[in-house]
Structures are given as structure tokens and as C-alpha cells.
Amino acid sequence: MTHATVALPAADRHAPGRLAAEWRAGSMVWRREMIHFLRSRAGIAVSLLQPLLFLYVLGIGLSRMFSGAGSSDDYMIFLFPGVLVMAAQAPAISVGASIVWDRQSGFLREMLVAPVRRSTLLIGKCLGGATVAACQGAVVLASAGLVGVPYRVDLFAALLAELLLASLAMTVLGAVIAVRIQRIQTFHTALTVLTAPMVFLSGLMFPVSAMPAWMAALTLVNPLTYAVDAMRQTITAFHPAPAAGASGAPIFDPVSWGGWDVPPGLSVVLVAVFSALALAAASRRFSRTD
Amino acid sequence: MFGAGPRTARGPAAGTDGDAAHRSGRPAPAAGAAGGPTAGSGPPAVLARGLGKSYAGVEAVRGIDLTVAQGETFGFLGPNGAGKTTTISMLTTLATPTTGRIEIAGHDTRTAPQQVRRNLGLVFQETTLDPELTAVENLRFHADLYALPRAGLAGRIAEMLELVGLSARGDSLVRTFSGGMQRRLEIARGLLHRPRLLFLDEPTIGLDPQTRAQVWAHLAEVREREATTIFLTTHYLDEAEQCDRIAIIDDGRIVAQGSPAELKSVIGADRVDLRTGDDMAAAALLHERFGLAAVRGPNGLSVKVAEGARLVPALCAALDVAVYEVTVTRPSLDDVFLHHTGRGIRDDALPGAAGTAGTAEPSDSGDST
């Protein structure tokens, strides 16, 4: 037995295909996020509370004020994609916190000394976070019927894909900040400063078309705006009633650049490009050694 | 305390030979074979030349040379802030040297960091386990990170858990483990991918004496069964004594290097303490018969002599006065440390560790006859 142990291949011999090894390490990081997610059911329940409260309390309340302008259901449908994004936001951002936490607790070091590229680790981490976030969003998505969004497979598939992309964008944003930060407290401070404005300036609660110019300008540089808008346009494409409503429901006007409506496809591309660039920046920083 | 039988007999030279035999089955490093090291001898586990590191103008490490042969157990000692951690960071590819170069098992840390990492196992001072995962999951994740073959992996994991005595706790969350169990699991994980070189940074810091002994018992077994080169830092002298060779770093430089016995012989003399019926007369006799200058203290006489234990019989025979007590104190590593760094090895021990450590080390100052 002892002899067999010593004679087994040493580290050098079984050096596997480079890509296969990176893939395996990356998927391990992804799986670790999923395990953490599945083992923290209480955390899931709590973080779902806020978006549901938002949708079914704040949403219903506000929709009464709009009752003069279109049916109250319209506002609920308008709000719905934003609430999906909100549901995904907390878990997405928490990936950043977990990077900082891994650094503080030491597990990060275990990964950093492994024979894999650091960008692989970061990508695995972000995809894991995005998956977890999209799962959370999907729970809210399942309640779509309550606000009048039809249950259609193609619509849900499209929404899920967009939700996943939005989750990735938010995850990567958290990662960009996290890789520069050593202490968990600093990270939370940075996030508080960042997330609230990002939510308010995303056209999530009120349409860009109704914003004053300065506010609209800020909203148009926010990647979340395009994530929300793409989902909203996807819903209205399948559920044209609100746009065609008696009021003309201007709240459903798509985001426009100087009068040119941004098509949902372009919005999706914009969010994807943002995610890719941010991921590249975060990887670069993460790969730096002293 | 760590007297694993076969180990005690093994000096540095014997160790190297023994390991050459052990290792003949090992493949030569794939990429570094250019220099043509034959299987068995192989390149040194660690080869550092002119290693230096500056942070913002402060020189943490000032040009050090280190060679650790394969199969050796190498102790790296130094006061806190002497450059130990920085050196280890560089050796493990976590930091890039400002000057000099490092080869680990024949691979350059700068040009082939991935091969270097594949050959390293690391156990850090602070835990790097994921507490929310089970022991087996932690090991499985490690296997994924190092892309270990899946065939036989379950067996290898079981073997490693058994090696560190954690077989029964494989499916428990690491969060429920005691400090000693976590450390042992980290050692198991560090060895899982069969590294040529295992780095242990203060592997037993903060552990109580029993747990410390347990960790070392497992390490002794690791040395036997896995034939791994071990590079460790420690503040415990009895642990340093276990090493084949030691280097002491102070202020960014290596101030002493050699086997514990060699280092102690540099310090030279043993100290012989005597309690006699008539110290004055005894001192005079010592001077007259042995040419030794005795120092009189409150507890009797004290002389310095090269081979203290050999002096004792002659001494007792020669002295006419009544001898109540003779104590021979050999130079300890603490004396060595003090000699080279101007500080005792534990002067700056971490406050957290001091409580257990202070009381646990009554026997550091050598053997008594």
C-alpha cells in the first residue's frame, strides 16, 4: 500500500489538458456557489421578501394613484421586470461580498495557489452568482400570473435568459468593486453608495420618458436600465394590451436615445457587452500579484 | 514527543539517501528535464538565489539563498517581521520577487507558475477551508482545482482522511470541526495532489499541546508514507528540532543555516552546573585539574565545557569535596536563535498562542544528567 502510494503519478504526470483543467476548476467554483445557496434556505426566504413586498404592496399602492391613467394592472406589469431585477440584485451583489469574505476567511488563498488561471476562478464565481441570482428572480417570475403576465413558455424562456444576463451584469459589477477591496465593511459601504442610485435610476419604478433631462441622462448610462427595458419590451410584445390601452400608457414607451427607440435586442447586447468588459477589468485586477 | 521510531534515526544524509530510494518510482519533472536530472536525485525541492523583495521602498527580504533537497524536512525560523512570510509568499508564487530567482522542483516560479503550484501543497497559518462545506467536499473541490484524475479519487480522499485520523468525520461540515481537526484536514488537503513539497506556515500555532502532538504524529506519518519534502515555519523549538535542516532569517537575511546539531555546535560549549559542599574548594580544584574557570552563582558553580556529559564522571572522581548535584545543559536552539538574532525565539510569540505555549515548553533548555 505504502509503495503504491509513492509510486502513483506525481503531480507532473497527470497534467491534464489545459482547457479541461480550467473548465473543471471553474465549474467547481460555480458549484460551490450553488451549494452555499442551497444550504442557506433561510437567507433565500428573507431576500425574497423585499422584492415581493415591493411588487405586491408598493406596486399595488402606487398603481391606485395611476388609476386615472390606464388600468391599475398596467403599472403592475410595468413594475414587474424591475422587481425581477431587484429580486436578483441582492444575491448577485452578494457574490462580491463573498469574494471579499473568501479573502478575509482564507479560502481565496486556497484557490489562488491552485494551478489555474485567476480569471477562471473569477468567471466561475460570477457565473455561479448569476445563476443563484437568476434562481431567486425566477421565484418572483413564477408569480407573473398575479400581475397579469401570461404564462407562455416562449415568454418565460426569453425573460429567464434576460434575467440571467441582468444577474450576470450585477454580479460582475459587485466583483469589479470586490477585487479592489480587502475589508468586508468597505465593500458594504461601497455598495450602499452604489446600489440605491442604480435602482432608482434604472427606469424601474418610473419611465425614462417621464424623467427630467438630467435624470434621464444618468439613467441612460446605467446598464440596469437596458436590462429592465429589454424585459419590459419582451413582456409587452407578448401582452400588448397595456400599450394599446385607452390611455396610450406612455409608461411603456421604450428607452430612447434622442428620439430613437432602442430595440430590445440592442439593449440585451449592451448589457452583455457591459458584463464582458466589467468581467475583463475585474479579472485583470484579480490576476495581479504583489 | 514526536518520537516516531523510524524517523528518529534519520539524519540529513540518511534522509536524502532513503528518499532517493523512495522516489526512484517517481517521474522526473516533465518540463524541467532539460538539465537532465536523473530520476531519484531530481532537482532540489527549493532553490532560491539572491531572493529579494521590496515593498514601497522597504526591503523585506534582502537577497537570500536557500536550497532544500528533496525529502528533507526544512525549518524556516525567524522573529516576526524578519521576512518569513514574504519569503514564503514568493516561494509559493503569491508574490513576485523584486530580485533573484526561485525554482521549485526544477520549475521557475516566474516562467512556470502553474507547474510550480502543481508541485506545492500549502497549509497556512490561518485556515483556508470552506466551513460551509463538508470535509470530503473540501477535498473534492481541491481535487477539481488541481484537476486530479477522477478515477481513484474517492479512494485517495479516504486515504488522506485516514492519514490524519478524520475518516469518521468526512461528511461533517467543517464549521463543526475543532481547530486541531481543521488543521489536520488542511494537511490532508495539502497532500491530496501528491505535491513534492509541502509548505507548513506555523502548522500548530494556537493549538493546545495535545493537539500539537497529534498534528506532529500525523506529520511524521506523512513523511514516512508520502515521502514529501516539508518546509515549515514554527515558533516552537521542539518542532524545529525535528527538522533535518534549519535556516534562521533575521532582518531579511539568512543568518544561520544547517542541521540543528551543527547550529548548536557553533554556539559551542555545554554548561555544567554543580552544587557542592564547598564551592570555593571545588572551583579551585576545577581550575587546577581541568583548567576550567568556574563562575560562582547563588546556586553553585557553573562552567562552560565542550563535552559536558563526558566531564561529569571525571569531575566526580577528581573532586575531593562533596558533590550534591551536577547538571549538564546542552546549548538549545533557543541559544542559537538568541545568538543570531539577539532575541529568544518566543519573545514575540502571538498573544493568543502564548497562554498554551508558555506552559507547554518546560524542556526547551536541554537535557539534564
- Note on the structure: Extension length gain for B:Ala318 and B:Thr99 (0.36 nm per residue less Cα distance), in nm, is 72.9 nm
- Task: Mind ranking B:307-315, A:98-106 by how tightly packed they are, going by the mean number of other C-beta atoms within 10 angstrom, highest first?
- Result: A:98-106, B:307-315
- Averaged over A:109-121, how many beta carbons belonging to a partner chain fall within 10 Å of each residue's beta carbon? 6
- Message: Suppose each label sits 7 Å from its Cα in the direction of the beta carbon; what would the A:Ala45-A:Ala20 distance come out to in nanometres?
- Response: 4.4
- Task: Per residue of the stretch A:125-137, in order, report the coupling 6.51 cos²θ - 1.76 cosθ + 1.60 (Karplus, θ = phi - 60°) as ³J(HN,Hα) in whole Hz, putting x for Gly and Pro.
- Result: 4, 5, 5, x, x, 5, 5, 4, 4, 5, 4, 5, x
- Query: Is the stretch B:269-329 rounded, prolate or oblate when judged by the Cα gyration tensor, a ≥ b ≥ c being the square roots of its eigenvalues, rounded requiring a/c under 1.5 and prolate requiring a/b larger than b/c?
  - Reply: rounded
- Task: Taking the Cα centre of the stretch B:5-263 as origin, work out the dipole magnitude from +1 charges on Lys and Arg Cβ and -1 charges on Asp and Glu Cβ, in debye rounded to 20.
- Result: 640
- Item | Peptide-level mean, for B:139-145, of C-beta atoms on other protein chains within 10 Å | 6
- Just name one of A:Ser63, A:Ala45, A:Phe187: the one whose Cα is farthest towards the positive end of the charge dipole of chain A (beta-carbon charges, Lys/Arg +1, Asp/Glu -1). A:Phe187
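Looking at the square roots a ≥ b ≥ c of the eigenvalues of the Cα gyration tensor of the stretch B:169-242, which shape do they give, rounded for a/c under 1.5, prolate if a/b is larger than b/c, or oblate?
Oblate shape, in that a/c is at least 1.5 and b/c is the bigger or equal ratio.
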- Suppose R0 equals 41 Å; then what is the FRET efficiency for B:Arg296 and B:Ser259 from their Cβ-Cβ distance, rounded to the nearest 0.05? 0.70
- Query: Antiparallel DSSP bridges in the stretch B:5-263: what percent, to the nearest 5?
  - Reply: 55
- Task: For a quick protection proxy, order the peptides A:139-148, B:323-332 by their average other-Cβ count within 10 Å, most packed first.
- Result: B:323-332, A:139-148
- Query: Along the three principal axes, how long is the stretch B:5-263 when you take its alpha carbons, biggest first, rounded to the nearest angstrom?
  - Reply: 46, 41, 40
- Local charge sum around A:Pro207 (other residues, Cβ-Cβ under 15 Å, Lys/Arg +1, Asp/Glu -1)? -3
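Bear in mind that the values in this text are calculations on the coordinates, not laboratory data. Everything quoted here is computed from the prediction, not taken from an experiment. With ideal geometry, Cβ positions are generated from the backbone for all residues, glycine too; neighbour counts draw on all protein chains shown.
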